[in-house]
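The values are calculated or read from the model by the stated rules, or taken from the named source; none is laboratory data. Note that the coordinates shown come from a computational prediction; the quantities given were computed from them, not determined experimentally. Using ideal geometry, Cβ is built from the backbone for each residue, glycine included, and neighbour counts are taken over all protein chains shown. In case anyone asks, the SASA skips ligands and DNA or RNA and just uses the protein heavy atoms, side chains included. Shrake-Rupley method; radii C 1.70, N 1.55, O 1.52, S 1.80 Å.
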Amino acid sequence: MLRSLLMEGLDMRTNFDFTPFRRSTVGFDRLFDLLETGQRADTADSYPPFDIIRDDEDSYRITLAVAGFRPEEIEIVAQQNQLIVTGSKAEDKEHGAYLHRGIAARPFERRFQLADFIEAGNARFEHGLLSIELKRVVPEAMKPRKIEIGTGSPANDQIEAPRDENRHAA
């Protein structure tokens, strides 16, 4: 009996209910869906290894270790809040037969979920590292703006026309 209660307690901790948060937030449905389903596309495969760096408040950088690949063997595609990096090594027949192959050169596909308004920018390939710059670009319509509060009567809420300074000077 005690064991079944403990097991139920474990289940309750792993199945977190986001309903209270869903009621008080707007536009985070996709985030809650990901948390509830536990879908992480990149948990099974860790190749190629990568870093995610926050350069400043609105700038990020993803750096992938792609030793053995040339820039023309790598493709970067940004679409609908997702960044997809794929690599496919061309056959290398110039160097003879390998006795040991320790440098991984297998094809890969790495997917990154991007938040709203995150755009991929420049990509650099240097010393076996591929760096992709990301920037948060919030449209003007989405930025916070101050709303003026009017008074009780509609006549006082009308916008006054600018006064002509020359008329008052005479």
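Scanning region 84-119 for residues that are in a strand (DSSP E or B) and either modelled with pLDDT under 90 or more than 22 Å from residue 46 (Cα to Cα) (or both) turns up 113, 118, 119.
Each residue in region 120-152 was checked for being open to solvent by less than 80 Å² (accessible area, probe 1.4 Å) and not polar (S, T, N, Q), and 15 of them qualify. The lone criterion from (1) modelled with pLDDT of 95 or more; (2) open to solvent by 50 Å² or more (accessible area, probe 1.4 Å); (3) not acidic (Asp, Glu) left unmet by residue 64 is number (2). Taken together, 58, 157 contain a single residue that is surrounded by 13 or more Cβ atoms within 10 Å (Cβ to Cβ) and modelled with pLDDT under 90, which is 58. With respect to (1) among the hydroxyl-bearing types (Ser, Thr, Tyr); (2) open to solvent by 90 Å² or more (accessible area, probe 1.4 Å); (3) touching a residue at least 60 places away in the same chain (Cβ under 8 Å), the lone exception for residue 98 is condition (3).
Please indicate, with yes or no, whether at least one residue in region 68-83 is surrounded by 13 or more Cβ atoms within 10 Å (Cβ to Cβ), among the hydrophobic types (A, V, I, L, M, F, W, C), assigned to a loop (DSSP other than H, G, I, E, B) and at pLDDT 90 or above. Among the residues of region 68-83, at least one is surrounded by 13 or more Cβ atoms within 10 Å (Cβ to Cβ), among the hydrophobic types (A, V, I, L, M, F, W, C), assigned to a loop (DSSP other than H, G, I, E, B) and at pLDDT 90 or above, which makes the answer yes.
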